[in-house]
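Written below as structure tokens is the structure these notes are about.
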Amino acid sequence: MLLVLFSTAAKPLEIARLVVSDYLSEDGSVREASVLRANAAINSKERPLFFASTKVVAAVDAYLGERIRRGQGVKDWTKFGDLSRTAGCF
């Protein structure tokens, strides 16, 4: 998650407030240009968030894959399409 911190300039609490839909579209593709929601931002102001770095995408994918593998917070993930790209272990 350090790569996300450095590449997005988001603060740790803002990163903790991210949800899967901030990172993935419903078809499972990465949102290269996203938005840090006002309710997730420390200053309560929406701002751009970019996931354009291949290293950041690989790190977030690995994190999400581990969450899927462990069954943590996976209740509604089916709405994001095929997450096998993210899980890497399916």
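Ranking SER21, SER44 by solvent-accessible area of protein heavy atoms (1.4 Å probe, all protein chains present), from largest to smallest, gives SER44, SER21.
Once label points are set 7 Å from the Cα along Cα→Cβ at both VAL19 and ARG69, what is their separation, rounded to one decimal in nm? For the pair VAL19/ARG69, the computed spacing is 2.7 nm. Each principal axis of segment 1-62 carries a Cα extent, and these read 28, 24, 16 Å when sorted largest first.
Tell me, how many Å apart are the Cα centres for segment 39-73 and for segment 1-23? Segment 39-73 and segment 1-23 have Cα centres separated by 6 Å. Rolling a 1.4 Å probe across all protein chains gives LYS11 an accessible area of roughly 100 Å².
Counting only protein chain heavy atoms and rolling a 1.4 Å probe, the accessible areas of ILE68, ILE42 rank, largest first, as ILE42, ILE68.
The values are calculated or read from the model by the stated rules, or taken from the named source; none is laboratory data. Note that the structure is predicted; figures quoted are calculated from it, not measured. All Cβ positions, even for glycine, are placed from backbone atoms using ideal geometry, and neighbour counts span all protein chains on display. Remember, those area values only see protein heavy atoms, side chains included, never the ligands or the DNA or RNA. Shrake-Rupley method; radii C 1.70, N 1.55, O 1.52, S 1.80 Å.
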